[in-house]
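Enquirer: Okay, here's the structure, questions in a sec.
The values are calculated or read from the model by the stated rules, or taken from the named source; none is laboratory data. Please read these numbers as outputs of a predicted model, since none were measured by experiment. Because the Cβ atoms are built from the backbone with ideal geometry, glycine has one as well, and the counts that use them run over all protein chains shown.
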Amino acid sequence: MSAPTATESAGRATPSLWRRLPSSPVAMVGLGIVLFWIVLALAAPLLPLAAPNAQDYMAMGHPGSSARHWLGVDPLGRDLLSRIIWGGRTVLAVAPLAVIVAYTVGCAMGLLAGYYRGWVDAAISRAADVILSFPVVVLYVILIANIGPSALNIVVAVVLASAPGIARIVRGLVLSLMHQEFVAAAYLRRESDVFVMLVELLPNCRGPLITDFCLRLGYTTITIGTLGFLGLGLPPPNPDWGGMVKQATSMITVFPHMSLYPTLALVSLILGFNLLADGITELSQAD
Amino acid sequence: MSLLSIRNLRVEYTTARGTVAAIPEFSLDIAQGESFGLVGESGCGKSTLIMAIMGYMGRNGRVAGGEILFEGRDLARASAEEWRKIRGGRIAIVYQEPATALNPSMTIGQQLMEVPIAHGGASTAEARTRAERVLADVHLPDPDSVMRRYPHQLSGGQKQRVVIAMALLANPSLLLLDEPTTGLDVTVEAAVLDLLNELREKYGTALFYISHNLGVIAQVCDRIGVMYAGKLVEDAPAAALFATPRHPYTRGLLGSLPRPGADKHTHPLVSIPGVVPSAGRAPESCGFLTRCALAQPGVCDAAPVPMEAVSGGHLVRCARWAEVEAPAATPASATVAPIAQERAEIVMRADEVSRMFPVGKRRLLANDRLSFVAKRGHVLAIVGESGSGKSTFAKVLAGLDAATSGRLDVLGDDVAGKPVRKRTAAKVAAVQMVFQNPDGTLNPSHPVGWPLARALRKFGIARERKDVDARVAALLDMVRLPASLRHALPRQLSGGQKQRIAIARAFAGNPELLVADEPVSALDVSVQAAVINLLLRIQAEHGTTLVFISHDLGLVRYLADEVVVMYLGQVMESGPVAALFDPPYHPYTEALLSAVPVPDPSLRTTRIRLEGEIPSPLNVPPGCRFATRCPRKLGAVCDDTPPPARDAGNDHVIHCHIPLERLRQSEPVFRHAS
């Protein structure tokens, strides 16, 4: 445009992100994969599956796929398909829960730091820097090794590792939003600090945060898999994708399917989250 | 033979909604050494035309028809190899934002020397000499030191001079200027325009000047074209265009500008109704049809209206130009009744108000002992260039910042050290603000009715849902917006509509005092007129006191009752608007006035140009703040002693060492040529 001017012509309305989602093939593929796992996880009790911890000693001799065990059995003779589907239930419950809690903590930290600046910002940002300076895996190992493996502790570990990163994003967004005149307009209505943070600032962080949320779901799925593989996931006999891979690694040359199928499950779910994030980024950039 | 000849140019863009003709048909000739100005609101296709001439069409744009003949070559069909020689060599361009035109990681010298080396095959030594010579031509002091500096070490005006120097280095025959002075301070702008006029004579370069500001165009151009909806609608010598505009759109543009000497009581601004149609949506016959008050069915919408000659060199594209020949008399709409001259009650009294920011161990006085008053129902304008501290005062007054010393009485209470959190609810409601930037003023996450409803609730004007709804509808009606708009999101609104919402929001709590910080400077002229009219009407109806912050003296002359002129945090002059625009002047006010680009070539203005740069606010002169740049400086007394306040009568105060008698002897800045 030649002038720094805003035209009087009314702009076209852009429908909300979710309604435009179908126009991005990448996002739809991602969403499809994620929904596939969600449906399987929800339907697990209704499916004609063997119990995930039931051992079929007959199948242990020929652990490959058969009519009884479509994907075969694991080293202890437990049905792989059933364990993958039931394992999906834990991943799909723990990952979003951990990310949501991490978001609550991270947004609060970022809002406070960006809004109040000064010593509040210094304290929060330095604490975040300290946590972010640990290699993530080392941080997890230290944490879980100390507080013991359980679903709750996985959530605690993910929150501790993710919240500082989220706080950084939110802080940056808040710092730039604070210069906007609608914030000054809110002060001229005598709005409280909490109101300005939650109602005026936070909703405008939505765009970048939605993408980050999907990506973080993917990372957290990786984390849960990694923890399981390191023996720091859900304690046995709970079905856990990472744990299943670990259990079968010693037989990987003989019975590769035992580690291959849980790996594929992990990879597909992570890919689903990442494709969804890509699609959303693409859509928000088209605005 | 003309230098640039555009014949039936058609520019199309491929978009998701199909092919759009941004420029349906455009013809234009520019002669060797001519200075042509193109005006029009944003969205009229001015920039698209520049892009087409420069061959920067992007992946989705193309020249779909016609030709752009430049020095006998058709640019629309030039090869990449030809373009390398033309761009920067034969045609140069100066953009609006000088900061982005220069590479921040190279010295000015390196960037300038590239031009003769690339285009003229010059040696390094030759290139250096030529670069230094052209820097001297654009009046940059000490070219040798400028050559060694990086862009961030220069001011905005200096950067634009460097960009102009760079454009001239290859001796182009055509110089395209795309709003080169928008965003510069008015005194800097005036100096750049002078420079362009001087260089044009010296280099014989033809200028193609694009601007939305008719005042600026009038200073530089011999011939002016008016563009609307991708077509040229009027093309005339500058004097003829301003004296006898023929196209209703041209008249609309001129009517939305405050004329010198006119004010809100005698010559109300007239805005153009409606909006610029989006590219390709304009009617085929006459693009202006939908907004034209003179449109006649059967005449205007029948066939594409051709360009017709009114007289030698004056062309117009209007089916009814002959019938609507007489210049429209001043329409009597939106007249603001003159304020009764009796002593109005003082609503705001600033007494030695200062705002100091500590910077390391030093002190930055953004506001230094400001003293002035605002009267009930009056419009007090605060003018000054950027860095004068006018916005800081606006924030202190509204309570978004607090003064560090002094007394600021608003409706009987001292609020100087009190930001909104320390003021009572009634006081906060009584002092409201309209901000400059239409895009930042509304929260993009909430519908536009939300801040209105919220303000009504917070100020206790309405509590019940039904009551709030009715009040929101009334507020929207007050700013002439349909009630249905309350559910729209800010991004669905135009800039003018957003500023209307901002005005409605400020009036939600029935304020006594409204602070407006450059409320229209980001809007197109015709929209500006509409928003100003609206603001003045509501202000007059409510008897609200308006503190209007602006850098635009033309606008201030139009709407203010009293004016305060600020420079580097201090008041230079204050008084009633009529007194301020006639002698005696403060030398700074005189310089500001003479820098105003006047949209009337028949008006002669005194030419005073300020030397040097505004001193850093961290290092202010101990005497008169303006002494370092003052063209009428007396001597050491100005440097050492703060100037006395000289009372010129009728509340007109001038802070200057020069005796009033001598200030009275200066000529008026604006004089008719007759």
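Enquirer: If residue B:229 satisfies every condition in (1) more than 14 Å from chain A (Cβ to nearest Cβ); (2) under 20 Å from residue B:10 (Cβ atoms) but one, which is the exception?
Expert: Result: residue B:229 fails condition (1) only.
Enquirer: Could you list, in sequence order, all residues of segment B:592-616 that are over 26 Å from residue B:253 (Cβ atoms) and in contact with a Phe, Trp or Tyr (Cβ under 9 Å, 6 or more places away or on another chain)?
Expert: Scanning segment B:592-616 gives B:606, B:610, B:614.
Enquirer: Answer yes or no as to whether residue B:596 is touching a Gly at 6+ places or on another chain (Cβ under 8 Å) and surrounded by fewer than 19 Cβ atoms within 10 Å (Cβ to Cβ).
Expert: No; evaluated as a whole, the condition is false for this residue.
Enquirer: List every residue pair whose Cβ atoms lie under 7 Å apart, where the two residues are 6 or more positions apart in sequence or sit on different chains, the first residue falls within segment A:49-77 and is on the phi < 0 side of the Ramachandran plot, and the second residue, located anywhere, is among the basic types (Lys, Arg).
Expert: A:52/A:78; A:52/A:83; A:53/A:78; A:54/A:78; A:55/A:78; A:59/A:68; A:74/A:83
So that you can scan it fast, the table gives a plain yes or no per residue for (1) assigned to a loop (DSSP other than H, G, I, E, B); (2) free of Cβ contacts under 8 Å to residues at least 60 places away in the same chain; (3) closer than 20 Å to residue B:387 by Cα:
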position	(1), (2), (3)
B:624	yes, yes, yes
B:629	yes, yes, yes
B:632	yes, yes, no
B:637	no, yes, no
B:646	no, yes, no
B:650	yes, no, no
B:658	yes, no, no
B:661	no, yes, no
B:667	yes, no, no
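Enquirer: Picking from B:439, B:413, B:401, which residue would you name as being out of contact with any Leu (no Cβ under 8 Å at 6 or more places or on another chain), acidic (Asp, Glu) and at the interface with another protein chain (Cβ under 9 Å from one of its Cβ atoms)?
Expert: None of the other options fit; the residue is B:439.
Enquirer: Sticking with this structure for a sec: From the residues in segment A:59-86 that are part of a helix (DSSP H, G or I) and touching a Gly at 6+ places or on another chain (Cβ under 8 Å), which one is farthest from residue A:248 (Cα to Cα)? Walk me through it before giving the result.
Expert: To start, the set of residues in segment A:59-86 that are part of a helix (DSSP H, G or I) comprises A:59-61, A:80-86.
Applying the additional criterion that residues be touching a Gly at 6+ places or on another chain (Cβ under 8 Å) yields A:59-60, A:80.
Details: A:59: 16, A:60: 13, A:80: 11 Å.
Once the filter is applied, the top-ranked residue is A:59.
Enquirer: Let me ask you something else. In this structure, is residue B:114 assigned to a helix (DSSP H, G or I), surrounded by fewer than 16 Cβ atoms within 10 Å (Cβ to Cβ) and at pLDDT 90 or above?
Expert: For residue B:114, the condition - assigned to a helix (DSSP H, G or I), surrounded by fewer than 16 Cβ atoms within 10 Å (Cβ to Cβ) and at pLDDT 90 or above - is not met.
Enquirer: Residue A:239 is checked against (1) in contact with a Lys or Arg (Cβ under 9 Å, 6 or more places away or on another chain); (2) surrounded by fewer than 23 Cβ atoms within 10 Å (Cβ to Cβ) and fails just one. What number does that condition carry?
Expert: (2)
Enquirer: Which of the following residues is under 17 Å from residue A:108 (Cα atoms), within 14 Å of another protein chain (Cβ to nearest Cβ) and surrounded by fewer than 23 Cβ atoms within 10 Å (Cβ to Cβ): A:174, A:194, A:183, A:159? Working first, answer last.
Expert: On the way: A:174 fails: surrounded by fewer than 23 Cβ atoms within 10 Å (Cβ to Cβ); A:183 fails: under 17 Å from residue A:108 (Cα atoms); A:159 fails: within 14 Å of another protein chain (Cβ to nearest Cβ).
So the residue among A:174, A:194, A:183, A:159 that is under 17 Å from residue A:108 (Cα atoms), within 14 Å of another protein chain (Cβ to nearest Cβ) and surrounded by fewer than 23 Cβ atoms within 10 Å (Cβ to Cβ) is A:194.
Enquirer: Right, next: For residue A:136, only one of the following conditions fails: (1) within 30 Å of residue A:240 (Cβ to Cβ); (2) without any contact (Cβ under 8 Å) to a residue 40 or more places away in the chain. What is its number?
Expert: (2)
Enquirer: Would you check if residue B:643 is on the phi < 0 side of the Ramachandran plot and exposed (fewer than 14 other Cβ atoms within 10 Å of the Cβ)?
Expert: no
Enquirer: I need the strands (runs of 3 or more DSSP E) fully contained in segment B:201-266, keeping only those with at least 2 residues that are hydroxyl-bearing (Ser, Thr, Tyr).
Expert: Correct list: B:206-211.
Enquirer: Still on this model: Scan segment B:577-593 residue by residue and report those that are surrounded by fewer than 24 Cβ atoms within 10 Å (Cβ to Cβ) and closer than 15 Å to residue B:261 by Cβ.
Expert: B:577, B:578, B:579, B:581, B:582, B:583
Enquirer: Determine if segment B:465-476 includes at least one residue that is at the interface with chain A (Cβ under 9 Å from one of its Cβ atoms) and in contact (Cβ under 8 Å) with a residue 12 or more places away in the chain.
Expert: no
Enquirer: If you check every pair at least six apart or on different chains, which have Cβ atoms under 6 Å apart with a residue in segment B:589-603 that is without any contact (Cβ under 8 Å) to a residue 40 or more places away in the chain first and a residue that is crowded, with 23+ Cβ neighbours inside 10 Å and not in a loop (DSSP other than H, G, I, E, B) second?
Expert: Every condition considered, the pairs that remain are B:589/B:565; B:589/B:573.
Enquirer: What number of residues within segment B:35-69 are closer than 26 Å to residue B:182 by Cβ and either out of contact with any helix residue (DSSP H, G or I) (no Cβ under 8 Å at 6 or more places or on another chain) or modelled with pLDDT of 85 or more (or both)?
Expert: Total meeting the criteria: 24.
Enquirer: Now a separate question. Looking only at segment B:495-516, how many residues end up being within 18 Å of the chain's Cα centre (by Cα) and either within 9 Å of another protein chain (Cβ to nearest Cβ) or assigned to a helix (DSSP H, G or I) (or both)?
Expert: Looking only at that region, the number is 3.
Enquirer: Now for a different question. Just give me the residues in segment A:244-283 being small (Gly, Ala, Ser), closer than 25 Å to residue A:92 by Cβ and surrounded by fewer than 21 Cβ atoms within 10 Å (Cβ to Cβ), in sequence order. Working first, answer last.
Expert: Just the residues of segment A:244-283 that are small (Gly, Ala, Ser), to begin with: A:248, A:250, A:259, A:265, A:268, A:272, A:277, A:279.
Filter once more, so that each one left must be closer than 25 Å to residue A:92 by Cβ: A:248, A:259, A:265, A:268, A:272, A:277, A:279.
Once the filter is applied, which keeps residues that are small (Gly, Ala, Ser), closer than 25 Å to residue A:92 by Cβ and surrounded by fewer than 21 Cβ atoms within 10 Å (Cβ to Cβ), segment A:244-283 yields A:259, A:268.
Enquirer: Also, I was wondering about something else. Do we find that residue B:399 is touching an Asp or Glu at 6+ places or on another chain (Cβ under 7 Å), surrounded by 19 or more Cβ atoms within 10 Å (Cβ to Cβ) and not hydrophobic (A, V, I, L, M, F, W, C) in this structure?
Expert: Details: touching an Asp or Glu at 6+ places or on another chain (Cβ under 7 Å): no; surrounded by 19 or more Cβ atoms within 10 Å (Cβ to Cβ): yes; not hydrophobic (A, V, I, L, M, F, W, C): yes.
No; evaluated as a whole, the condition is false for this residue.
Enquirer: Quick one: residue B:589 ticks every box in (1) within 30 Å of residue B:362 (Cα to Cα); (2) β-branched (Val, Ile, Thr); (3) assigned to a strand (DSSP E or B) bar one, so which box is it?
Expert: Residue B:589 satisfies all of (1) within 30 Å of residue B:362 (Cα to Cα); (2) β-branched (Val, Ile, Thr); (3) assigned to a strand (DSSP E or B) except (3).
Enquirer: Might you let me know whether segment B:478-488 holds any residue that is farther than 12 Å from residue B:453 by Cβ and facing chain A (nearest Cβ under 9 Å)?
Expert: The initial filter retains those residues of segment B:478-488 that are farther than 12 Å from residue B:453 by Cβ, namely B:478-485, B:488.
Filter again for facing chain A (nearest Cβ under 9 Å), leaving B:488.
The answer is yes, given that some residue of segment B:478-488 is farther than 12 Å from residue B:453 by Cβ and facing chain A (nearest Cβ under 9 Å).
Enquirer: Six or more apart or on different chains, Cβ under 6 Å: which pairs go from a residue in segment B:365-378 that's under 14 Å from residue B:576 (Cα atoms) to one that's among the basic types (Lys, Arg)? Could you list them?
Expert: Close Cβ pairs (under 6 Å, with a partner that is among the basic types (Lys, Arg)) amount to B:373/B:349.
Enquirer: Report the residue count in segment B:283-308 for those that are in contact with an Asp or Glu (Cβ under 7 Å, 6 or more places away or on another chain) and part of a helix (DSSP H, G or I).
Expert: 1
Enquirer: Of the residues that sit in segment B:169-191 and are more than 14 Å from chain A (Cβ to nearest Cβ) and in a strand (DSSP E or B), which one is nearest to residue B:605 (Cα to Cα)?
Expert: B:175
Enquirer: To continue, here is another question. May I ask you to verify whether residue A:253 is outside any helix (DSSP H, G or I), β-branched (Val, Ile, Thr), out of contact with any His (no Cβ under 8 Å at 6 or more places or on another chain) and more than 12 Å from residue A:87 (Cβ to Cβ)?
Expert: Judged against the criteria, residue A:253 is a match.
Residues are listed down the side, and each one gets a yes or a no for (1) more than 13 Å from every other protein chain (Cβ to nearest Cβ); (2) under 30 Å from the mean Cα position of the chain (by Cα); (3) within 30 Å of residue B:184 (Cβ to Cβ); (4) in contact (Cβ under 8 Å) with a residue 12 or more places away in the chain:
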| position | (1), (2), (3), (4) |
| --- | --- |
| B:383 | yes, yes, yes, yes |
| B:390 | yes, yes, yes, yes |
| B:429 | no, no, no, yes |
| B:444 | no, yes, yes, yes |
